[in-house]
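Novice: Attaching a single structure in structure tokens format; questions to follow.
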Amino acid sequence: ANLYGANLYGANLSGANLYGANLYGAKISKCPIQIGAGMKWWICITEFHIQIGCQIHEAETWFKFSDEEISQMHGEALPWWKENKDIIKALWVNHCK
């Protein structure tokens, strides 16, 4: 499946098998980590990209965003990001092993 340009906001992909999916040109060789329960925004972590809510960026780019850039994504994004950034990064790093 080529998800380039797809808006997955609000999509429930629990149980979806995305093995081999093409996400913004990056071939997914591992099933993504999907987190939805108890979080403000749905999270999908692949080897190359992380989607949080409707924002999808290369994984490494997420961790380089300034506080101002995160704030511009949503009014409540910065406090949430500061609280969850380390957890999301640890999940991504572990997923890439």
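The values are calculated or read from the model by the stated rules, or taken from the named source; none is laboratory data. This structure is a prediction, so every number in the text was calculated from the model and none was measured. Positions of Cβ are backbone-derived with ideal geometry, glycine not excepted, and every protein chain shown enters the neighbour counts. Heads up: the accessible areas ignore ligands, DNA and RNA and are worked out on the full protein's heavy atoms, side chains in. Shrake-Rupley method; radii C 1.70, N 1.55, O 1.52, S 1.80 Å.
Novice: Among what's in region 73-97 and is of a type in the set (F, W, Y) and farther than 25 Å from S29 by Cβ, pick the residue that is surrounded by the most Cβ atoms within 10 Å (Cβ to Cβ).
Specialist: Going residue by residue through region 73-97, those that are of a type in the set (F, W, Y) are 80-81, 92.
In the following step, the residues that additionally are farther than 25 Å from S29 by Cβ were identified as 80-81.
Numbers: W80: 17, W81: 19.
Looking at residues that are of a type in the set (F, W, Y) and farther than 25 Å from S29 by Cβ, I get W81.
Novice: Of all residues in region 62-97 being more than 14 Å from the chain's Cα centre (by Cα) and among the charged types (D, E, K, R), which is nearest to I35 (Cα to Cα)?
Specialist: E83
Novice: Looking for something modelled with pLDDT under 95 and open to solvent by 50 Å² or more (accessible area, probe 1.4 Å) - is there at least one such residue anywhere in region 61-72?
Specialist: Looking through region 61-72, none of the residues is modelled with pLDDT under 95 and open to solvent by 50 Å² or more (accessible area, probe 1.4 Å).
Novice: Might you let me know whether region 49-61 holds any residue that is over 10 Å from the mean Cα position of the chain (by Cα) and either among the basic types (K, R) or closer than 22 Å to S29 by Cα (or both)?
Specialist: Yes, that holds for at least one residue.
Novice: Another question about this same structure. Can you find, within region 36-46, the residue that is nearest to C96 (Cα to Cα) among those that are buried (at least 17 other Cβ atoms within 10 Å of the Cβ) and not hydroxyl-bearing (S, T, Y)? It would help to see each step written out before you state the result.
Specialist: To start, the set of residues in region 36-46 that are buried (at least 17 other Cβ atoms within 10 Å of the Cβ) comprises 41-46.
In the following step, the residues that additionally are not hydroxyl-bearing (S, T, Y) were identified as 41-45.
On the way: W41: 22, W42: 20, I43: 16, C44: 14, I45: 10 Å.
Here the residue is I45.
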